[in-house]
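Student: The structure that follows is given in the form of structure tokens.
The values are calculated or read from the model by the stated rules, or taken from the named source; none is laboratory data. Note that the structure is a prediction, hence the values are computed from the model and not measured. Cβ placement follows ideal geometry from the backbone for every residue including glycine, while neighbour counts extend to all protein chains displayed. Just the protein is used for accessible areas: all its heavy atoms, side chains included, with ligands, DNA and RNA removed. Shrake-Rupley method; radii C 1.70, N 1.55, O 1.52, S 1.80 Å.
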Amino acid sequence: MATPSSVFTEMVTTTDRTWGRKVTDNVSANNALLNTLKRKGKIKTVSGGYEIAEPIDYAANETYQRYIGYEGLNTAASDVLTTVKYPFQQIALHVTASGRELRMNSGKEQMINLVKARKENALRTAANNFSVDIYSDGSLTNQINGLSNLIQTNGQGTVGGISATTWAFWRNKSREMTGTNLAASPSAANAVSMKADMNVLWLALNRGADKPDLIVMTHDFYSLFELGEQQLQRYADSELAQAGFTALKYKSASVIFDDNTNFATTGERAYFLNTDYLSLVQHREAQWTMDSEKTPVNQDAVVIPMYWMGNLVTTQRSLQGILFDAA
């Protein structure tokens with residue numbers, strides 16, 4: 001006869017072989033940025049490597065030459081490519097049950113309820129904590145790069161192994177809001193001032209057809225922006241609205257806020273993102289992938305781990321920007 005432990009394990013694992021996909025879907029369903037990356041095919045899977053390596057072009061081809069007749073041509077090699085490298089970071093999440101819980105819930109219905117509660121808790125935990133990581137500065141131990149790391153208020157920093165202090169092409173754009181603490185005193189005049197700063201930053205981030213497609217704002221910035229757009233509510237983003245997120249439009253970009261602990265009410269920042277150059281990269285064997293049951297040697301319990309491994313990366317910082325209010 002099966003023990004409660006084996007029943008629990010079977011119900012957690014074999015009855016739901018798409019569990020990793022369910023966690024991934026739940027994470028993206030609770031985060032507007034990840035939802036956008038998923039829709040654009042920017043959640044990528046890799047098979048291995050010591051680190052995540054992405055090629056970038058950082059300079060123009062120097063052989064471009066205007067000439068006439070038999071004039072000599074420049075055939076010298078042009079060094080135009082380099083590679084940014086991001087470390088693989090790892091996350092573990094566990095579905096657990098103590099022996100006491102298993103024996104108390106050994107009946108069929110009780111066991112079903114126990115498994116459901118544990119799995120729903122795991123889904124919430126993954127969604128909430130990964131959202132924190134996505135917007136973080138990556139300063140916590142083994143934390144992935146978040147937007148605060150990839151896109152900095154001074155445009156500097158070493159990201160992907162390249163120092164923006166040394167290499168100007170690798171600096172993100174930034175602009176401090178005109179005035180003092182405008183978002184704290186929302187008004188039509190302050191909304192106009194904010195829009196003027198947004199226009200300046202937007203132009204700096206345009207390169208031909210390349211332009212920001214997503215602007216992620218803190219609550220106070222979004223409230224001020226919404227105040228200025230109140231009469232233009234028809235310009236809401238329909239795709240994000242269908243996914244359950246509140247989103248407006250600024251030019252061709254969707255404007256969202258994210259209910260996240262890193263985005264406190266007075267965070268006062270807006271990330272101007274070109275998601276063509278932003279990806280969440282994950283290892284194919286660790287996409288919230290469930291492992292086999294573990295039994296601790298010093299505990300009466302069952303532990304079923306799942307693993308994620310990857311990082312948030314950008315291949316073009318100069319087309320990413322941030323509007324902030326330092327006051």
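Student: Return yes or no: is ARG100 closer than 19 Å to TYR277 by Cβ and touching a residue at least 24 places away in the same chain (Cβ under 8 Å)?
Tutor: Criteria not met by ARG100.
Student: Can you pull out the residues in region 291-305 that are surrounded by fewer than 21 Cβ atoms within 10 Å (Cβ to Cβ) and either of a type in the set (A, V, I, L, M) or modelled with pLDDT of 95 or more (or both)?
Tutor: Within region 291-305, VAL297, ALA301, VAL303 qualify.
Student: Going by the conditions given, is THR75 over 28 Å from ALA247 (Cβ atoms), surrounded by fewer than 12 Cβ atoms within 10 Å (Cβ to Cβ), at pLDDT 80 or above and β-branched (Val, Ile, Thr)?
Tutor: So THR75 fails the test.
Student: Filtering region 317-327 down to residues that are in a loop (DSSP other than H, G, I, E, B) and open to solvent by less than 20 Å² (accessible area, probe 1.4 Å), which residue is nearest to SER174 (Cα to Cα)?
Tutor: GLN320
Student: In this structure, is LEU312 assigned to a strand (DSSP E or B), more than 19 Å from SER47 (Cα to Cα) and within 22 Å of the chain's Cα centre (by Cα)?
Tutor: When the stated conditions are applied, LEU312 does not pass them.
Student: Restrict the check to region 233-248 and report whether at least one residue is open to solvent by 40 Å² or more (accessible area, probe 1.4 Å) and either at pLDDT 90 or above or touching a Gly at 6+ places or on another chain (Cβ under 7 Å) (or both).
Tutor: no
Student: Do any residues in region 43-54 that are charged (D, E, K, R) and modelled with pLDDT of 90 or more have Cβ atoms under 6 Å from those of residues that are open to solvent by 40 Å² or more (accessible area, probe 1.4 Å) and in a loop (DSSP other than H, G, I, E, B), where the two are at least six apart or on different chains, and which pairs are they?
Tutor: Short answer, once both residue conditions are applied: GLU51/PRO87.
Student: Hey, among the residues in region 168-189 that are closer than 12 Å to SER318 by Cα and surrounded by 13 or more Cβ atoms within 10 Å (Cβ to Cβ), which one's modelled with the lowest pLDDT?
Tutor: PHE169
Student: So, one more: Of all residues in region 269-290, which are open to solvent by less than 50 Å² (accessible area, probe 1.4 Å) and aromatic (Phe, Trp, Tyr)?
Tutor: Selection gives TYR271, PHE272, TRP288.
Student: Looking at the structure I just gave you, is GLN110 at pLDDT 90 or above and within 25 Å of MET306 (Cα to Cα)?
Tutor: It is false that GLN110 is at pLDDT 90 or above and within 25 Å of MET306 (Cα to Cα).
Student: Then there's this: Do you know which of the residues in region 22-35 that are open to solvent by 10 Å² or more (accessible area, probe 1.4 Å) and in contact (Cβ under 8 Å) with a residue 40 or more places away in the chain is nearest to the chain's Cα centre (by Cα)?
Tutor: The residue in question is ASN35.
Student: Take the residues in region 127-164 that are among the small types (Gly, Ala, Ser) and touching a strand residue (DSSP E or B) at 6+ places or on another chain (Cβ under 6 Å); name whichever of them is most open to solvent (accessible area, probe 1.4 Å).
Tutor: Only one residue tops the list, namely GLY161.
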